[in-house]
Amino acid sequence: DPTVTIETPPHSAGAEVNDGLAELFDGGAQFQAAVLDQLINSCQGRVVDLRSLSTSTREVQTEACLRAMTSGAQVILDGCLPVDLSGHRVGIPDLLIRGADTANGSPTYHPVEVKWHKIMLRPRPPDGDAVEPPVLRYSRLTDPTLNAAIGVSGYGLRIASREADFLQLAHYHRMLQACGFGAAQAFAGVIGTDDFFEAPVLAWADLGQPQVRTFSRSSPEGWRLRSLLERYDHQHAFRLKIAAVAQRQTGRPDTDPELLVRPIVNKECPRCQWWEQCLPRLDPDEVSLRIDTAPLDMRESAT
């Protein structure tokens with residue numbers, strides 16, 4: 001919104017909370033580094049590690065990533081994908097794992113993220129429930145490819161509680177498609193802290209399978225199952241609309257288009273360094289600001 005001026009918050013703002021966040025991020029970075037080092041030391045295929053380029057320009061990082069993908073490396077660490085200008089996307093996946101080649105022999109890749117939390121579960125259907133148990137596909141770090149994946153019954157993915165992880169992977173999948181390296185099978189992987197197996201494993205998610213329960217006004221049940229890619233595409237397109245309408249603001253309420261969303265409070269606000277900037281802009285009667293016990297979710301607040 002060009003009519004809004006926001007000053008960068010001082011480093012002292014929220015210092016106590018930020019210290020806690022720094023510790024959290026440090027823990028995640030340490031876990032990620034340990035997992036990636038283990039993969040490098042055990043992977044049987046060719047691994048290209050681009051982490052040393054993290055302080056280089058985006059152009060240098062992107063060129064290195066493109067060279068690694070074109071060369072057909074089995075695993076690429078910290079590959080900076082080309083900016084997707086038409087799709088309005090940027091991103092650097094933790095890992096790129098080579099997938100099945102295209103018909104003309106060109107390599108393709110699946111995005112993978114390392115997360116410092118659990119991403120698998122063992123669902124237990126109620127007694128007498130005839131529902132077939134889920135099957136989890138996972139690969140060991142010695143051969144993290146989808147082709148080497150093992151299917152194990154009775155395990156699943158925490159799609160509902162870790163949806164953001166999988167939407168991030170859908171974002172990377174679209175970026176890979178945009179630069180010509182997207183795999184035909186829309187699979188992506190996550191390595192979490194789960195201890196179901198002897199060592200960390202790469203769990204695969206089918207981004208194209210309808211498995212996300214989403215709100216639907218047109219459905220009699222009020223919800224519909226959609227794929228992670230559908231969920232991501234909808235969310236991403238809506239955010240682009242929000243930005244486009246915001247950019248059209250001129251400060252003249254009589255002619256400016258109405259903003260598509262209004263600011264509301266969510267659980268991340270109090271620990272954010274921008275909180276002191278946002279708080280004065282909220283209506284004192286804003287329901288999400290006044291309810292701090294059993295707070296409403298974003299859809300409930302917006303309604």
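Looking at segment 182-201 only, could you name the residues that are touching a Leu at 6+ places or on another chain (Cβ under 8 Å), over 21 Å from residue 36 (Cα atoms) and either of a type in the set (Phe, Trp, Tyr) or surrounded by fewer than 17 Cβ atoms within 10 Å (Cβ to Cβ) (or both)? Answer for segment 182-201, where residues must be touching a Leu at 6+ places or on another chain (Cβ under 8 Å), over 21 Å from residue 36 (Cα atoms) and either of a type in the set (Phe, Trp, Tyr) or surrounded by fewer than 17 Cβ atoms within 10 Å (Cβ to Cβ) (or both): just 185.
The residues of segment 269-303 that are at pLDDT 80 or above, farther than 24 Å from residue 3 by Cβ and either touching a Pro at 6+ places or on another chain (Cβ under 7 Å) or open to solvent by 100 Å² or more (accessible area, probe 1.4 Å) (or both) amount to a single one, 271. Considering the conditions (1) farther than 27 Å from residue 123 by Cβ; (2) without any contact (Cβ under 8 Å) to a residue 60 or more places away in the chain, residue 175 is excluded by exactly one of them, (2).
The set of residues from segment 34-72 being assigned to a loop (DSSP other than H, G, I, E, B), closer than 17 Å to residue 97 by Cβ and open to solvent by 40 Å² or more (accessible area, probe 1.4 Å) comprises 44, 46, 71. With respect to the conditions (1) under 17 Å from residue 123 (Cβ atoms); (2) in contact (Cβ under 8 Å) with a residue 60 or more places away in the chain; (3) touching a strand residue (DSSP E or B) at 6+ places or on another chain (Cβ under 6 Å), residue 202 lacks only one, and its number is (1). What do you reckon, is residue 79 at pLDDT 95 or above and surrounded by fewer than 17 Cβ atoms within 10 Å (Cβ to Cβ)? Considered against the rule, which asks whether it is at pLDDT 95 or above and surrounded by fewer than 17 Cβ atoms within 10 Å (Cβ to Cβ), residue 79 comes out as no. Does segment 127-140 contain any residue that is small (Gly, Ala, Ser), within 26 Å of residue 198 (Cα to Cα), exposed (fewer than 14 other Cβ atoms within 10 Å of the Cβ) and at pLDDT below 95? Within segment 127-140, not a single residue is small (Gly, Ala, Ser), within 26 Å of residue 198 (Cα to Cα), exposed (fewer than 14 other Cβ atoms within 10 Å of the Cβ) and at pLDDT below 95. When each of 231, 248 is tested for being basic (Lys, Arg), open to solvent by 70 Å² or more (accessible area, probe 1.4 Å) and on the phi < 0 side of the Ramachandran plot, the lone residue that passes is 248. In this structure, is residue 161 in contact with a strand residue (DSSP E or B) (Cβ under 8 Å, 6 or more places away or on another chain) and within 26 Å of residue 91 (Cβ to Cβ)? When the stated conditions are applied, residue 161 does not pass them. Do you know which of the residues in segment 187-216 that are more than 27 Å from residue 42 (Cβ to Cβ) and among the small types (Gly, Ala, Ser) is modelled with the lowest pLDDT? Per the stated criteria, the residue is 216. Within segment 70-87, restricting attention to residues that are touching a residue at least 60 places away in the same chain (Cβ under 8 Å) and touching a helix residue (DSSP H, G or I) at 6+ places or on another chain (Cβ under 8 Å), the residue that is nearest to residue 172 (Cα to Cα) is 81. If you filter segment 209-228 down to residues that are within 15 Å of the chain's Cα centre (by Cα) and not in a strand (DSSP E or B), you find that the one that is surrounded by the most Cβ atoms within 10 Å (Cβ to Cβ) is 228.
The values are calculated or read from the model by the stated rules, or taken from the named source; none is laboratory data. All figures in this text were calculated on a predicted structure; none of them were measured in a lab. In this analysis, Cβ positions are derived from the backbone assuming ideal geometry, glycine residues included, and neighbour counts consider all displayed protein chains. Calculation scope for accessible area: heavy atoms of the full protein, side chains included, ligands and nucleic acids excluded. Shrake-Rupley method; radii C 1.70, N 1.55, O 1.52, S 1.80 Å.
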